[in-house]
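Beneath this line is the structure, given in structure tokens, with notes to follow.
Every number in this text was worked out from the coordinates using simple rules, so none of it is lab data. Values in this document were obtained by computation on a predicted structure and should not be read as measured data. Using ideal geometry, Cβ is built from the backbone for each residue, glycine included, and neighbour counts are taken over all protein chains shown.
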Amino acid sequence: MLKPILPKLAIGYAKIGQKNKALQFLEKALNIAQSTIQDESERVGVLAEVANHYAQLGQQQKASDILAQALKAAEDILIGKQIGESTSLTFAWFKYPCDL
């Protein structure tokens, strides 16, 4: 899959002093993460990785904005899991009610 490769290419370009080319690859990786990655956990990981690379390239505000997106996505995952667990417990209670 191309998603993990783009940040690695960005790192390579940054190491050889081609910051603009590195930023182009990071922007591509960011666009892919935001628009095509369906798996929430994978999206959070890619966003965090891209944010880290932006920070390394001196783009702190961009990194901060992307980390905020990653945090929101991670919170959505946790909320979704909590709702799922709560719903499961509710259904279990109705299936096997007990006297309180």
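Scanning the stretch 1-54 for residues being of a type outside the set (D, E), surrounded by 19 or more Cβ atoms within 10 Å (Cβ to Cβ) and in contact with a Pro (Cβ under 9 Å, 6 or more places away or on another chain) gives a total of 6. Scanning the stretch 17-53 for residues that are hydrophobic (A, V, I, L, M, F, W, C) and either touching an Asp or Glu at 6+ places or on another chain (Cβ under 6 Å) or within 30 Å of I79 (Cβ to Cβ) (or both) gives L26, A29, L30, I32, A33, I37, V44, V46, L47, A48, V50, A51.
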